1. Hey, what do the phi angles of the range 306-318 turn into as Karplus ³J(HN,Hα) couplings, whole Hz, using 6.51/-1.76/1.60 and θ = phi - 60°, x for Gly and Pro?
2. Which distance in nm do the two modelled labels at residue 251 and residue 371 give, with both placed 7 Å along the Cα-to-Cβ direction?
3. In debye to the nearest 20, how big a dipole does the chain give about its Cα centre with +1 on each Lys and Arg Cβ and -1 on each Asp and Glu Cβ?
4. Over the C-alpha atoms of the range 456-495, what are the Rg and the largest Cα-to-Cα span, Dmax, in Å?
5. Would you list 500, 86, 582 from fewest to most Cβ contacts within 10 Å?
6. Find, to one decimal place in angstroms, the Kirkwood hydrodynamic radius of the range 455-597, where the mean of 1/r is taken over every pair of different Cα atoms and then inverted.
7. Roughly how many Å is it from the Cα centre of the range 378-394 to that of the range 179-215, as a whole number?
8. Please report 24, 443 as a ranked list, fewest other C-beta atoms within 10 angstrom at the top and most at the bottom.
Amino acid sequence: MAEVEQNIAALLSEERVFEPPADFAAGAIVRDRSPYERAEADLEGFWAEQAERLTWFRKWDAVMDWDPPWVKWFEGGTLNASYNCLDRHVEAGGGDKIAYYWEGEPGERRAITYGELLDEVCRCANALKSLGVERGDRVAIYLGMIPELPIAMLACARIGAPHSVVFGGFSAESLRDRIIDAEAKVLVTQDGGYRRGSEVPLKANADEALKECPSIEHVVTVRRSGGEHPFTPGRDHWYHELIAEQPPECEPQEMDAEDILYLLYTSGTTGSPKGIVHTTGGYLTGVAATHRMIFDIHDDDIFWCSADIGWVTGHSYIVYGPLANHTTGVIYEGAPDWPDRDRLWEIVERYKVTILYTAPTAIRAFMRWGTEYPEKHELSSLRLLGTVGEPINPEAWIWYWKFIGRKRCPVVDTWWQTETGMILITPLPGITRLKPGSATFPFPGVHAEVLDDQGNPVPPGGGGYLVLTHPWPAMLRTIWGDPDRYVTTYFGKYGPNIYLAGDGAKRDEDGYFWLLGRIDDVMNVAGHRLSTYEIESALVDNSKVAEAAVVSRPDELVGEAIVAFVTLKSSYEGTDGVAAELREHVANKIGKIARPHGIIFTTDLPKTRSGKIMRRLLRDVARGRPLGDVTTLANAEIVEQIHEMVDSGTGEE
Ligand code: PRX
């Protein structure tokens, strides 16, 4: 914890407080503390009221059934997520409202109404059925940010087939591992995507992955880039050909509240990525309620969450939450600096975006690029800003507020995780006094605390472990195929009643929560969770590497930069060429986001006498800090050598 506490020292000296602007507060969905009071008085009643905003085929018998650490919400109730996101709005006369403005990186534009989205989702659902997909079958989706991504997700939801979306930036191997773990029957992919002007070879990666995925029976490929790809007869189908044959009606399956809506893989401390399981009724209730109240969603809002749909942020706040609330959203395919560094601001201006939700890493990039880019554009449509993914430093918060929000827009710093499904700690913009760098307070009906190692509450000002002491509707139900891992990972430390988030946190004298970063071997690189273990495994997989230890150091741009300490097999030398090769190797194994920023070659790694690598020491070395006690090391002399290597800058990019 000492380390994460140091990270927060700067944040806690932040004393500026921002009141909600009066005009914003006057028109806000939440104008007083009544949701907090309601949830305090009757937590289940509060969530039941939120659930009632959805359309149920059959009402639930019980709001919550908590058999720690297992929970069920709205049992006995039946509903369909795709029906809630589409049909009910169309049936109520809202079919002509734009669901998404889509913009391709090369510049194409498409506006898709709720009515059109419903038609295409039905065709896609029928196409999946024609390939033999049945209720309960898993469908893997490996797509870039194109309309077919939410369409395929909603088509799965419509027929009750859990989807497993794999971020388009992941490698063939990452895709393969996730398909194998989920035993997916069908894969939906595309020929190629666009990123910073070049083509992302999704189908080629998929073909590589599928060499070892016996569960896949069919592959559906969306044509986007138009490149040539080998087609395997009987297995491969073009999306446009398949759906052309399908009728635009498809009866939604009546799903139980606790039926699985989707799996989404995320990095853990050790071992393979975990397939986080989200179910239908509680998840949809949680994302719709948080989306509406935190982003203050009104009928005429244009809501832009700039995350990739391949991460949970996109699942919850591009697809399920916004569509359940009949909101107009924006989907942009490519990079924020393509063709120039004002692309995002051009999009905000073009569609008159009112609410923008992005990540601190993006905000830091915008800061570095300079204010001339946002200044070129009319951003007066914006009325609310949000951030997610990692702690935001107050300088970045203030910059965002000043140069993007032009001092008019509240900034909601929202804390949550893949596992939590929905935002849990957050301001409500019409009523919360904001402190830059603090995610402020738990959402109504959410019980968060900061505990010490023994499980005692930590008094104001002290650092500890962030925990949740009561279930919330969108929480994960288990880890796919590994319920024991669910129990040990989240409920191993304090017992089955207390969910351990894996983040350090502090509360100040006013009760505000300040997030301190991860407490385990999970790093947060550019808002994405990566485990040191996965990167180490990828390095050791290279035939030149004997041993590797991966740590992070704070980085102005990406939050945490990846530093790898590598011992090569004796016949190899640690040249710049080998460092470049290893970086590439990791990028190929996991994806470019995992590519180490620095590689430091060493003849040995510092180890305890029981043989455990002392990552704490390596972290100090990587961060240029004075070293602590090294007397417990089996090989103390190596630290001195590593220091010298670092000073001479070996392997840094
Ligand atoms: O460490 C916290 C950080 O991101 C982790 C969750 O990552 P992931 O499951 O990939 O989901 C990211 C998007 C929901 C958390 O354990 N994190 C997320 N939001 C914040 C944050 N840290 C500080 N402040 C936040 N607002």
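Laboratory data are not the source of any read-out in this text; all were calculated from the coordinates shown. Quantities reported herein were computed from a predicted structural model and do not represent experimental measurements. Every residue, glycine among them, receives a Cβ derived from its backbone with ideal geometry; neighbour counts consider all protein chains shown.
1. 8, 5, 8, 5, x, 9, 5, 4, x, 4, 7, 10, 10
2. Roughly 6.1 nm, to one decimal.
3. On the way: 65 positive and 98 negative charges, 79 e Å.
Roughly 380 debye for the chain.
4. Considering the range 456-495 through its Cα atoms, Rg and Dmax are 12.9, 40 Å.
5. Ordered from fewest to most neighbouring Cβ atoms within 10 Å, 500, 86, 582 come out as 500, 582, 86.
6. Its Kirkwood hydrodynamic radius stands at 17.6 Å.
7. Between the Cα centre of the range 378-394 and that of the range 179-215, the gap is 33 Å.
8. Taking fewest neighbouring Cβ atoms as first place, the list is 24, 443.
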